[in-house]
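One structure is given here, and the rest of the page talks about it.
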Amino acid sequence: MGPRREPLQLAVELDGGDGGCIARARDRAGVFLARAQAAHGVPVTARTMDLTQLVVSELVTNACKYAPGPVLLVLRIADGAVETEVWDSDPVLPVARAADPGRVGQHGLEIVMAVVQGFEARREPVGKRITARIALWDDPVRDVGDSAAH
């Protein structure tokens with residue numbers, strides 16, 4: 001059997017009004033990555049696990065806080081990276097604020113932008129979709145498409 005060509009993927013609908021949705025999203029991300037590693041041999045490092053759960057937490061927090069209704073979380077492993085997509089019903093695209101160590105709160109997008117290798121925010125026919133990419137390997141500068149050394 002040859003290498004897996006289709007991306008591994010998980011989609012989870014979360015109730016934005018439920019206070020436990022952020023913890024459930026983080027948990028589902030951890031379980032997804034652990035299964036990808038155990039069942040499919042995907043090289044998930046501790047750093048990738050931590051960063052993915054952090055990004056999921058920040059993006060789902062924003063969606064639950066600012067958008068009415070459900071939130072859709074999609075996790076995908078493809079091309080040497082973990083893609084985290086969060087859809088919500090609010091069409092307003094997020095904007096990272098300038099760094100301000102004196103500001104309390106509202107650092108979520110700033111944190112996400114600091115740890116990901118790719119980020120996209122786009123409007124959908126209803127709401128918006130935020131996508132963040134995190135390399136599977138510990139070297140964040142490495143070309144995520146180059147898996148010859150692994």
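Values in this text are rule-based calculations from the coordinates and carry no lab data. Bear in mind that the values here come from a model prediction, so they are computed numbers and not experimental data.
So who's got an amide H within less than 5 Å of the one on ALA81, skipping anything under 5 residues away but keeping other chains? H placed 1.01 Å off N, in plane.
Close amide H contacts, sequence-distant or interchain: LEU136.
Given the convex hull of the Cα atoms of the range 21-90, what is a quarter of its surface area in nm²?
Directional mean of the projected Cα hull area for the range 21-90 stands at 4.5 nm².
List every residue whose amide H lies under 5 Å from the amide H of ASP90, counting only residues 5 or more places away in sequence or on a different chain, with H placed 1.01 Å from N in the peptide plane.
For ASP90, the qualifying residues are LYS128.
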